[in-house]
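The values are calculated or read from the model by the stated rules, or taken from the named source; none is laboratory data. None of the values given here were measured: they were computed from a predicted structure. Every residue, glycine as well, gets a Cβ built from its backbone with ideal geometry; the counts of neighbours run over all protein chains shown. We work out accessible area using only protein heavy atoms, side chains counted, and drop any ligands, DNA or RNA first. Shrake-Rupley method; radii C 1.70, N 1.55, O 1.52, S 1.80 Å.
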Amino acid sequence: VSANAVECARKNAGINNIANCSFFVGKAENIFESVSSDYPGAETSVIIDPPRSGCDMSFIGQLARFAPAKIVYVSCGPDTQARDAAELQKLGYRLEKLQPFDLFPQTRHIESVATFLRQ
């Protein structure tokens with residue numbers, strides 16, 4: 001939902017000469033309306049970083065219908081990431097790798113990155 005974050009991502013990609021990615025601004029529940037047929041799911045990776053509450057089921061359903069080859073799920077809520085992982089598994093995704101990161105030593109908070117592949 002942050003146009004500023006999307007603009008920063010575009011600038012960062014330009015600085016690093018990365019031309020094989022696209023960035024979209026919008027609410028998660030409507031984001032796939034702006035993704036054209038120029039991005040076939042079977043050839044696409046999607047990176048998601050939802051709030052601590054995780055993804056809502058309507059977004060996960062849309063994501064599964066888009067059917068990206070790979071989903072990279074960044075999370076600050078491992079409990080909701082686990083809930084969403086179970087749903088993604090039901091929808092045809094396999095957990096390939098899970099890596100926790102302790103970015104906040106001396107606290108109970110961790111970040112976690114999960115990679116899912118379409119089966």
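Structure data summary
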{"quantity": "Which listed residue, of ALA42, ALA64, is exposed (fewer than 15 other Cβ atoms within 10 Å of the Cβ) and either under 22 Å from PHE24 (Cα atoms) or hydroxyl-bearing (Ser, Thr, Tyr) (or both)", "calculated": "ALA42"}
{"quantity": "Pairs where the first residue, in the range 32-57, is at positive phi and free of Cβ contacts under 8 Å to residues at least 60 places away in the same chain and the second is in a loop (DSSP other than H, G, I, E, B) and not acidic (Asp, Glu), C-beta under 7 Å, 6+ apart", "calculated": "GLY54/GLY77"}
{"quantity": "Extreme residue, modelled with the highest pLDDT, among residues of the range 20-39 that are over 22 Å from THR115 (Cα atoms) and either of a type in the set (Val, Ile, Thr) or open to solvent by 80 Å² or more (accessible area, probe 1.4 Å) (or both)", "calculated": "VAL25"}
{"quantity": "Selected residue [over 11 Å from VAL46 (Cβ atoms), out of contact with any Pro (no Cβ under 6 Å at 6 or more places or on another chain), basic (Lys, Arg) and without any contact (Cβ under 8 Å) to a residue 12 or more places away in the chain] from ARG94, ARG83, ARG108, ARG65", "calculated": "ARG108"}
{"quantity": "Yes/no for ASP102 being without any contact (Cβ under 8 Å) to a residue 60 or more places away in the chain, among the charged types (D, E, K, R) and open to solvent by 70 Å² or more (accessible area, probe 1.4 Å)", "calculated": "yes"}
